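Rule-based calculations on the coordinates, nothing more; no lab input. No experiment lies behind these values; they were computed from the predicted model shown. Positions of Cβ are generated from backbone atoms using ideal geometry, with glycine treated the same way; all protein chains shown enter the neighbour counts.
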Amino acid sequence: MKTTRTRNLWLAVTAGLAFTLAAGLTLPAAAQEEKTPNMPARNPWLADSVYPITHINSAQTDSVLHAGPTKGRKLTAADVMTLPTVFTSDPTIKKEGGETILIGSGVNGIRKIIATGESFKEVSFLPYPGYEATAAKGTPEAIRAVLAEADAARRSNDEAKILALSKKMDELGFGYKTFGDGIYNLMDKDGFHYALFGSVNIIKTTDDNDPKKPIRLVKAKNVTEDLPPDLAKSVTRIIGIGMTYDGHIVAAAPGAIFLLDRDLNVKGTITFPGEAVDNGVAVDEKGIYVVTSVRMLKLVWTGTKLSYDEADGGWQSEYNTMSEADSKAAGSLSRGSGTTPALMGFGDDPDKLVVISDADKNGANLVAFWRDQIPAGFTQKPGTKSARIADQIRIDFSKLTLEVSPQVLGYGVTVINSTYPKPAGDIWGNAMTAGLTRPAPLGMQKLTWNPETGAFVKSWANKEIDHTDLVVPVISAKTGMIYAAHKVSGDYQVVGLDFHTGEVKARWIFPDDSRVWNAFASTPTLLEDGDLLIGGFFAIKRVNVGDGK
């Protein structure tokens with residue numbers, strides 16, 4: 001029960017925090033975090049590792065309890081090990097036979113890497129079925145050749161040459177149609193790896209849990225094969241996959257959500273005609289959280305069907321958005337929300353929420369929905385679409401919906417600016433010209449949910465962080481820091497910001513001005529020994545950041 005004394009104490013602390021921030025001061029560490037925050041319950045169907053699924057856990061919080069690095073420095077070439085790839089986002093991780101194994105699904109296929117101790121060695125590469133010819137073009141030599149041209153163009157600041165390399169990247173397998181291949185992937189408890197490829201296909205692979213064996217194909221499934229012809233035509237791509245707490249695979253696509261068993265047999269389908277799904281899904285023990293171009297939904301699996309009916313434990317709510325035509329004209333990459341939903345509130349936390357960015361025509365808001373029952377006596381707030389919305393608050397720096405998911409730790413949530421001020425026209429062009437020959441998306445902001453007042457407060461804003469690479473930052477509860485990709489004068493860094501104040505506390509500056517150090521569309525994975533694992537174009541990178549080594 002929330003007592004008047006507790007509420008008054010919270011209001012006093014909040015008022016003091018507002019004064020402190022306004023004065024440009026910071027709070028003592030003890031006042032910033034009273035206890036270790038509750039984390040999502042571990043999904044027993046996922047591998048027990050630091051990164052078993054895209055966004056770290058089923059709740060998609062992008063936060064961990066273990067420590068990240070704290071001592072910034074200029075890195076040397078010896079501090080960064082690389083393995084060539086055309087483009088790979090985030091390898092998943094498992095332990096087998098005393099070895100740390102990375103499975104990296106990229107645009108052309110899947111790599112197995114041993115990363116035990118100081119190792120970083122490729123064991124095998126498996127092209128996606130039907131991608132063999134394209135994968136054969138993406139040799140280490142071909143990748144290094146395009147990298148050399150990109151580096152030369154960067155050093156001369158020749159935008160025309162930078163943009164022209166988009167065609168060569170397309171020839172190696174990276175383009176608008178293949179960009180999403182491999183990004184969403186997961187490792188299950190038995191060591192099977194699942195990833196998306198070829199727009200509508202899911203691939204299941206294994207190495208038989210033998211560190212020495214190459215990965216092999218178990219099954220590839222075109223999910224449209226089991227659909228009626230009219231519906232199959234509308235499902236043009238799968239966006240994301242997740243794992244339920246009863247061991248089912250969830251696949252999200254425009255206009256439809258699929259539930260499959262781990263042998264990739266479709267068990268259930270629910271459709272949303274005319275609604276786009278451009279993001280991944282979040283999952284907890286009670287449901288699946290999906291955002292479409294017009295609605296936020298909680299889906300439940302009844303054992304026979306997927307449902308958002310309240311009688312089954314689901315729900316739906318509209319949120320503020322603009323038309324698809326207006327969104328496209330404004331330069332948005334997504335229809336409606338651009339963010340994968342992130343869950344907030346676990347264990348004995350009083351409020352359980354799911355947060356997204358909306359697509360309000362007057363500027364993006366962070367929107368929180370009640371995950372379970374709407375609290376008794378709650379009154380719908382002005383400007384919101386329903387009483388299901390617990391609160392919404394304007395994000396200071398973004399006119400369009402965010403394209404990078406919120407990061408959540410406790411009741412704190414950070415968001416980053418992902419709107420290119422002067423878009424280049426394609427994914428490669430934006431990634432390689434922003435912050436160099438064109439302005440970069442700048443800004444990160446933290447908002448904090450106040451369970452006593454039932455509203456968000458703005459904690460801090462850092463307007464300097466360069467988010468050209470659209471990297472999802474990761475939060476370490478142990479160090480109280482959030483790790484983000486950044487650029488200074490066009491060159492790459494990883495920065496650690498104080499999660500409580502937004503101050504940059506550490507910088508890891510890459511050895512030179514090469515484009516190989518990019519982290520495009522990845523997450524800086526915190527390995528157990530404190531090293532950083534970073535994806536992106538040209539190479540997967542393992543970074544020895546120096547703490548305790």
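What ranking do Ile143, Ile288 get, fewest neighbouring Cβ atoms within 10 angstrom at the top?
Ordered by Cβ neighbours within 10 Å, fewest first: Ile143, Ile288.
As I understand it, the dipole of the chain uses +1 on the Cβ of Lys and Arg and -1 on the Cβ of Asp and Glu, about the Cα centre. Which of Pro52, Val235, Pro511 lies farthest toward its positive end?
Pro511
Taking the Cα of Ile374, stepping 7 Å toward and past its beta carbon, and measuring to each backbone N in region 386-409: which are under 18 Å?
386-393, by backbone N distance to the label point.
In a shell of Cβ-Cβ distance under 9 Å around Leu264, excluding Leu264 itself, what net charge do Lys and Arg (+1) and Asp and Glu (-1) give?
Result for the local shell: +2.
If amide H atoms are built 1.01 Å from N in the plane of the peptide, which residues on other chains or at least 5 residues away come under 5 Å of the amide H of Asn201?
Residues meeting the amide H criterion: Ile238.
Can you list residues whose amide H is under 5 Å from Ala506's amide H, if they're 5+ apart or on another chain and H is modeled 1.01 Å from N?
It is Gly496, by chain and number.
Over the chain, what is the relative contact order in whole percent, taking alpha-carbon pairs under 8 Å and six or more residues apart?
Computed value for the chain: 16 percent relative contact order.
Please compute the Cα-Cα pair-distance distribution of region 194-268 with 5 Å bins starting at 0, giving whole percents from short to long.
3, 15, 27, 23, 16, 9, 5, 2, 1, 0
In nanometres, what is the gap between the two model label sites at Arg394 and Lys74, each 7 Å from Cα along Cα-to-Cβ?
Label-label distance for Arg394 and Lys74, simple model: 4.3 nm.
May I ask you to order 229-241, 79-91 by the average number of other C-beta atoms within 10 Å around their residues, highest value first?
Most protected by this proxy first, the peptides run 79-91, 229-241.
Using a ≥ b ≥ c from the Cα gyration tensor of region 101-172 (square roots of the eigenvalues), is it rounded, prolate or oblate, where a/c under 1.5 gives rounded and otherwise the larger of a/b and b/c decides, a/b for prolate?
Taking the square roots of the gyration eigenvalues as a ≥ b ≥ c, region 101-172 is oblate.
Rounded to the nearest whole Å³, what is the per residue volume of the convex hull around the Cα atoms of the chain?
Convex hull volume per residue, Cα atoms: 143 Å³.
Between Asp312 and Ser234, what FRET efficiency comes out of the Förster formula 1/(1 + (r/R0)^6) with R0 = 30 Å and r the beta carbon distance, rounded to 0.05?
It comes to 0.75.
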